[in-house]
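J.: Structure below; questions to follow.
The values are calculated or read from the model by the stated rules, or taken from the named source; none is laboratory data. Given the structure is predicted, the values throughout are model-derived calculations rather than measurements. Neighbour counts run over all protein chains shown; Cβ positions are idealised from the backbone, glycine included. With ligands, DNA and RNA removed, areas are computed over all heavy atoms of the protein, side chains included. Shrake-Rupley method; radii C 1.70, N 1.55, O 1.52, S 1.80 Å.
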Amino acid sequence: MDRTVLNQEEVKKVNSEKKKDSKFSLRELTIIGLLAAITVILGISGYGLIPIGPINVTTLHVPTLIGALVEGPKVGAFVGLIFGVYSFWQNMTAPTLLSPVFINPIISVLPRIIFPVLAWIIYKCIPMKSQGPRFIIAAFLGTVLHTTMVMGLIYIMYADLFANALKMSHENVGIGILTLAVTHGIPEAIFAGVIVTPVALALYKALRKS
């Protein structure tokens, strides 16, 4: 009888822990709210999406990376969702040459949910104790993966539209997309490494002390 009661209590404890893990804590909700607000402010101010050539160079991925590296993939993915939704809305309301591509949520939203999770995995897999280098590497590679996913999906789904919009031959569309990925993605990745690292370090230390 006692053993049965003990087993029931263990089952309740496991279920309770699973239920707790499936929800956001107050701290996580606070951080999501703060980083989401920063994302929106960056977008509205014009500093989040900077038009350079036919597409925008974005800084909106920075709050998403901070959320993932400091609080984990769940927070990062949620902030990334907000980033993606804002990108979708921005392309609907202030269209550019390639906005028809980014109106598709598979391109504007899905990679923004996935890349912070990948950045967190990279962060966890780096065999270093020092947080600084881990944040730099994860932020840089996470941004590279973000660019790769977005531009790769454009190539797979909208190669013809891309070629027509930029008035290039369809034979050269792959080179054109690769060129934009490098010229836009590398500066974004360097920017992420420089900006994310000190902010993430400060938040990491502050939150671990609290």
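J.: Hey, any hits in the stretch 61-74 for a residue that's of a type in the set (A, V, I, L, M), modelled with pLDDT under 90, under 10 Å from the mean Cα position of the chain (by Cα) and surrounded by 15 or more Cβ atoms within 10 Å (Cβ to Cβ)?
T.: no
J.: Please report, ordered by residue number, the helices (runs of 4 or more DSSP H) entirely within the stretch 81-195 with at least 2 residues that are in contact with a His (Cβ under 9 Å, 6 or more places away or on another chain) and touching a residue at least 40 places away in the same chain (Cβ under 8 Å).
T.: Passing ranges, in order: 110-125, 131-165.
J.: Say we look at the stretch 127-148 and pick out the residues that are among the β-branched types (Val, Ile, Thr) and open to solvent by 20 Å² or more (accessible area, probe 1.4 Å); which of these is nearest to VAL196 (Cα to Cα)?
T.: ILE136
J.: Given the criteria under 11 Å from the mean Cα position of the chain (by Cα) and either open to solvent by less than 30 Å² (accessible area, probe 1.4 Å) or modelled with pLDDT under 95 (or both), does VAL85 qualify?
T.: no
Conditions (1) of a type outside the set (Gly, Ala, Ser); (2) out of contact with any Leu (no Cβ under 8 Å at 6 or more places or on another chain), marked per residue:
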site	(1), (2)
ILE121	yes, yes
PRO127	yes, yes
THR147	yes, yes
MET151	yes, no
PHE162	yes, no
GLY176	no, no
VAL199	yes, yes
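J.: Filtering the stretch 97-109 down to residues that are in contact with a Leu (Cβ under 8 Å, 6 or more places away or on another chain) and open to solvent by 30 Å² or more (accessible area, probe 1.4 Å), which residue is nearest to VAL199 (Cα to Cα)?
T.: Once the filter is applied, the top-ranked residue is ILE106.
J.: Restricting the search to the stretch 160-182, which residues are open to solvent by less than 80 Å² (accessible area, probe 1.4 Å) and closer than 15 Å to LEU98 by Cβ?
T.: LEU161, PHE162, ALA163, ALA165, LEU166, MET168, VAL173, GLY176, ILE177, THR179, LEU180, ALA181 - these are the residues of the stretch 160-182 that are open to solvent by less than 80 Å² (accessible area, probe 1.4 Å) and closer than 15 Å to LEU98 by Cβ.
J.: Look at the stretch 196-210 and say how many of its residues are among the hydroxyl-bearing types (Ser, Thr, Tyr), over 16 Å from the mean Cα position of the chain (by Cα) and assigned to a helix (DSSP H, G or I).
T.: Counting residues in the stretch 196-210 that are among the hydroxyl-bearing types (Ser, Thr, Tyr), over 16 Å from the mean Cα position of the chain (by Cα) and assigned to a helix (DSSP H, G or I) gives 1.
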